[in-house]
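The values are calculated or read from the model by the stated rules, or taken from the named source; none is laboratory data. All values derive from a computational prediction rather than experimental measurement. Counting neighbours? That spans all protein chains shown, and the Cβs are built from the backbone with ideal geometry, glycine included. Surface areas here come from the heavy atoms of the whole protein model, side chains and all, with no ligands, DNA or RNA. Shrake-Rupley method; radii C 1.70, N 1.55, O 1.52, S 1.80 Å.
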Amino acid sequence: MFQVENLLKDVQLTGDAVLKIQDVFLTELENGIHEKPSSLQMENTYIPELPDGTGATNFCCGSLVGYLSGTITSIRNWLRGIVVKYTSLGVPEEGLFLALDLGGTNFRVILLELYQGSVVREEVKHYHIREEQRLGCGEKLFDFLADSVSDFVRGQKLTGTRLPLGVYCSSEYKLIGTRLPLGVNCSSEYKLTGTRLPLGVYCSSEYKLTGTRLPLGFTFSFPMIQKALNIGLLVTWTKSFNCPSVVGRDAVNMLQEAINRRGDTHVEVVAILNDTTGTLVQGAVLDPRTTIGLILGTGSNACYLERADRVQHWEQQRHGEKQVIIDIEWGAFGDNGTLDFIKTDFDRIVDKNSLIANSFMFEKYIGGKYMGEIVRVILARLTKDCLLFGGETSDTLLTSGAFTTSFVSIIEQDTIDDTSENTVEILRKLGLSCDEDDVAIVKYVCEVVSNRAALLVSVCLSTLLSRQDRPDVTIAVDGSLYKYHPRLKGWMNKYIKLLAPGRKFQMLLAEDGSGKGAGLVAAIALKLRKRLQDS
Ligand code: BGC
């Protein structure tokens, strides 16, 4: 075991290293926010406030004081790119919204029904994105997204949907007893076919959503330069995507053009956001103390609520915003060399085998896409050095990606339960025969790698807590790694307390933040339009 521990010593961060990482993170964060060279993008999301627990209605009120005190021209500049079309919309935070959630190998199209700023109904459909779509021509990827949006919308019926202004569809789609606009009451023979409902919602003869104008919030979980709430230029792909022709282009525009090319739905992309932003927004609905959004899934990243006067980069003229959500994009933390002191030979191999080498190294220490791979690389090395499995490797152990992060979680659970059953079974499936010592070593490797990830995330979160300087902060978290790894939460709680002494915080699982948050942000975008229109 001594030799094993020795080989893994660089994966275990010393106290000095941890403090140095914290310093570097703060410096990079400050540089990024002041538009100085930095590995942290610190992107302005143009979302100036959070829900206060009473729903999306109040989301932008504070800033609107600012918008409204400016001239119409400056308001227009602020909202550049958002073209006012929904002239008949009166209460945009109520009604039907679409959300599209793109980030992993599956993506989701979601129909959200909002009532007074809360999600009262959610319909979801998952679509698988094939490898050639993730790695090929960008237009084809966006055509596929548009096809899926169309498939979803065509498959949705209005049955049971609460339409705006109190109009309900019965299961027979009749308007029996409904008071129509202008005081007309329907007899039992009136149906919705061809009836113009308030707020621009039309039922086709099949009572489907096809003819309905639907605003869409696009959760695009990749680094982007945001020029407005509905303009996001892709900086680089991460995780399992690499369609070169999209880099530098506006993902909203590409999606809208693809939807328009199909021409069979009335979907309009009104907002683009990162999954961390969606998680923060959704978290704030659940708990108003939420000011940090964290994703620990295939990839990793966080966003937080920053004081607006500390933010240098505003594409548009400001209108009295007091705060704004900043997307840190910490996956790239240290890509400028500032964190090279923690990079081990194992990490270098993982990076080299990854889809986009030499980039997003911090994410490769943490993300679910990579954690299992780090363990695999270490196990392969230990086997090669005859410290494991009697020096007998297997083809699977030598195959990149064969040891998934879900294995790490299962093995960690064995450690907690003080059993070895599942670990032995995993190793057997990988074609490895093991004895008790081997099992102990494999468990140890999983622990060391997982613990480093927990520590790195905690270093960054504790820095944010100190910076925000609030009496009580809730960190909204989502992502498969956080949900399924049995030890991360406990470690993070412990390390954050140590690294940000005296700071009161709690972590809150904000499931489906990227879906629900997208619906809420789409509602906000419409709310802003409406205010602009009314002003
Ligand atoms: C992306 C981030 C995203 C994170 C979590 C990273 O690869 O760059 O934008 O928030 O994954 O999905």
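With each label point set 7 Å from Cα along the Cα-Cβ vector, what nm distance links Arg348 and Lys494?
Result for the modelled spin labels: 3.2 nm.
Over the stretch 228-328, what number does the Rg to Rh ratio reach, with both radii from the alpha-carbon atoms and Rh per Kirkwood?
Result for the stretch 228-328 is an Rg/Rh of 1.00.
Output ³J(HN,Hα) for the stretch 99-105: one whole-Hz value per residue in order, computed from phi by the Karplus curve 6.51 cos²θ - 1.76 cosθ + 1.60 with θ = phi - 60°, and x for Gly and Pro.
10, 10, 10, 10, x, x, 6
What is the set of long-range amide H partners of Val477 at a cut-off below 5 Å, with H atoms built 1.01 Å from backbone N?
Those qualifying (amide H under 5 Å, at least 5 residues apart or on another chain) are Leu294, Leu508, Leu509, Ala510.
Quick query: amide H of Ile272 versus all other amide H atoms, modeled in the peptide plane; which residues come in under 5 Å with a sequence gap of 5 or more or a different chain?
The answer is Phe218, Asn230, Ile231.
Can you pull the semi-axes for the stretch 282-381, root of five times each eigenvalue of the Cα gyration tensor, sorted largest first, whole Å?
34, 17, 10
At 1.4 Å probe size, with no ligands or nucleic acids counted, give the accessible surface of Arg503 in Å², nearest ten.
Here the accessible area works out near 70 Å².
Each residue of the stretch 398-403 in order: what ³J(HN,Hα) in whole Hz does its phi give by Karplus 6.51 cos²θ - 1.76 cosθ + 1.60, θ = phi - 60°, with x for Gly and Pro?
My calculation for the stretch 398-403 gives 8, 9, 4, x, 6, 9 Hz in order.
By a straight-distance test (C-alpha under 25 Å), which lysines pair with Lys504 as possible cross-link partners, with residues fewer than eight away in the same chain excluded?
Lys20, Lys322, Lys483, Lys489, Lys494
Would you mind getting me the FRET efficiency between Arg154 and Gln533? Use the beta-carbon distance for r and R0 = 30 Å, nearest 0.05.
So, using R0 = 30 Å, E works out to roughly 0.50.
Of the listed peptides 235-247, 360-372, what is their order by residue-averaged count of other C-beta atoms within 10 Å, with the highest listed first?
Packing order, densest peptide first, comes out as 360-372, 235-247.
Taking square-rooted eigenvalues a ≥ b ≥ c of the alpha carbon gyration tensor, is the stretch 445-535 rounded, prolate or oblate, where a/c under 1.5 means rounded and, failing that, a/b exceeding b/c means prolate?
oblate
Please sort 513-520, 41-48 by packing, taking for each peptide the average over its residues of neighbouring beta carbons within 10 angstrom, highest first. Working shown, then result.
Details: 513-520: 30.8, 41-48: 24.2.
Descending packing order for the listed peptides: 513-520, 41-48.
Please arrange Cys434, Cys303 by accessible surface area, largest first, computed with a 1.4 Å probe and ligands excluded.
Reading off the accessible areas and sorting them downward yields Cys434, Cys303.
Let me have the relative contact order for the stretch 472-535, percent, based on Cα pairs under 8 Å that are six or more residues apart. Before the final figure, lay out each step's value.
Values: 32 pairs, mean separation 29.8, N = 64.
Over the stretch 472-535, the number comes to 47 percent.
Express in nm, to one decimal, how much length is gained between Arg307 and Lys384 on full extension, taking 0.36 nm for each residue of separation and deducting their alpha carbon distance.
22.5 nm is the gain from fully extending Arg307 to Lys384.
Accessible area, 1.4 Å probe, largest first: how do Asp345, Asp340 sort?
Values: Asp345 100, Asp340 75 Å².
In descending accessible area the options line up as Asp345, Asp340.
Once fully extended, how much extra length lies between His126 and Glu447, figured as 0.36 nm per residue of separation less the alpha-carbon to alpha-carbon distance? Spell out each step's value before the answer.
Working: separation 321, 0.36 × 321 = 115.56 nm, distance 3.29 nm.
Difference between extended and current length: 112.3 nm.
Efficiency by 1/(1 + (r/R0)^6): what FRET value for Glu425 and Asn242, r their Cβ-Cβ distance, R0 = 35 Å, to the nearest 0.05?
Result of the calculation: an efficiency of 0.55.
Mind checking the full-extension length gain between Thr14 and Asn106? Use 0.36 nm per residue of separation minus the Cα-Cα distance, one decimal, nm.
29.3 nm
Report the label-to-label distance for Glu30 and Glu139 in nanometres (one decimal), using points 7 Å from each Cα along the Cα→Cβ vector.
Modelled inter-label distance: 4.8 nm.
Quick one: 3J(HN,Hα) in Hz for the stretch 214-222, Karplus 6.51/-1.76/1.60 with θ = phi - 60°, rounded, Gly and Pro as x.
My calculation for the stretch 214-222 gives 10, x, 10, x, 10, 7, 10, 8, 9 Hz in order.
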